[in-house]
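Heads up: the structure comes next, in structure tokens.
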Amino acid sequence: MKTLPIVINPVARGGRRKPPTERLEHIAAEFGWRLEWWATQAPGHATELAARAARDRYAALGVWGGDGTYNEAARGLVGSSTALVTLPGGTTSVLAYELGIPRDPARALARLLGGERKAMAVGRTDSGQLFLLMLSAGPDSVILAHLPTIMKQRAGKVGIAAQALLELTRGHLPRFSVTMDGTSFEASWCITGNARSYGGPFAATPGADPFATGLEVVSLQRHGLTAVVPFFFSIPSGRHLRLPGVDRRPAVEVRLAGENIPYQLDGDAAGFLPVTARASDERVWVFVPRPVNS
């Protein structure tokens, strides 16, 4: 039988949700795989484990966690032939939505092991940071930068929502410059998508293709609560693209500049502006489900 190591983030969802190991091992055996469980011990450890899997030429590496853990694993897998098997175990696990993976872990594993390998594009920052989903600067990045880690782990979406209300009452609404295609403008929110999904199954950057080189940039050029709140609440319906002051365009590179303004990558606080996001020619192999009717 082939060996499939599964990286587990023990603090995903505050450690409240454990993988159903027996069910997953049974499903894997039906497809000719034997599971090994590799637990992370600190931030960044998933990258080390993924690099080990790639170095030892494992065909695939499973990851049970959220988008931050998927991102860490991708850093260790990029450029290798070892494919990522994405198991939803985090608060949101947006990448699973993007790849059409069921939320139930047993169904997810079955669909993936019976699925196909595809080469997923990645984005990079000028400092070398990798992102699978998006780079964003705006109220979302301010919320994540100020959100206590323990609140995110233990309270999940409720904690994020509480922090959002706190930031809005404080009036922490950023303003910064966006430069691409030789033009610059001011924005209060900029989502640079390598993929479509944002915050769940919501297509904030619907023109982004995670399997092709290139980014889609959606920027809100208006400022203030009366612009930011409608933009945020319109993303699930896709109406955010039709709001006044919203700019949408494809790009290969975009630079965001401002003072003391945080940005986030794949749902985690990642640094402060200025930052340049670029589409990369690198690829991470991922397992995706086959279409149901195939």
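On full extension, the segment bounded by ARG34 and THR213 gains 61.0 nm, given 0.36 nm per residue less the C-alpha separation. Each peptide in 139-145, 202-208 gets a packing score, the mean of other Cβ atoms within 10 Å over its residues, and the list from highest to lowest is 139-145, 202-208.
Cα centroids of region 257-276 and region 196-246: how far apart, whole angstrom? Between the Cα centres of region 257-276 and region 196-246 lies a distance of 17 Å. Sorting the segments 272-278, 188-194 by their mean number of nearby beta carbons within 10 angstrom, highest to lowest, gives 188-194, 272-278.
In percent, rounded to a whole number, the relative contact order of the chain is 22, using alpha-carbon pairs under 8 Å and six or more apart.
Projected label points at ASP56 and GLU259, each 7 Å from Cα along the beta carbon direction, are separated by 5.1 nanometres. Counted by Cβ distance under 12 Å from PRO230, the other residues give a net charge of +3, where Lys and Arg count +1 and Asp and Glu count -1. Rounded, prolate or oblate: which fits the chain when a ≥ b ≥ c are the square roots of the eigenvalues of the alpha-carbon gyration tensor, with rounded for a/c under 1.5 and prolate only if a/b beats b/c? Taking the square roots of the gyration eigenvalues as a ≥ b ≥ c, the chain is prolate. The calculated 222 nm mean residue ellipticity attributable to helices in the chain amounts to -9000 deg cm²/dmol, summing -39500 (n - 2.57) over DSSP H runs of n ≥ 4 and dividing by all residues. Highest average first, the peptides 38-45, 110-117 ordered by how many other beta carbon atoms sit within 10 Å of their residues are 110-117, 38-45.
Read-outs: derived from the displayed coordinates by stated rules, not from any lab. Please read all numbers here as calculations on a predicted model, not as lab measurements. So basically every Cβ, Gly included, is an ideal-geometry build from the backbone, and we count neighbours across all protein chains shown.
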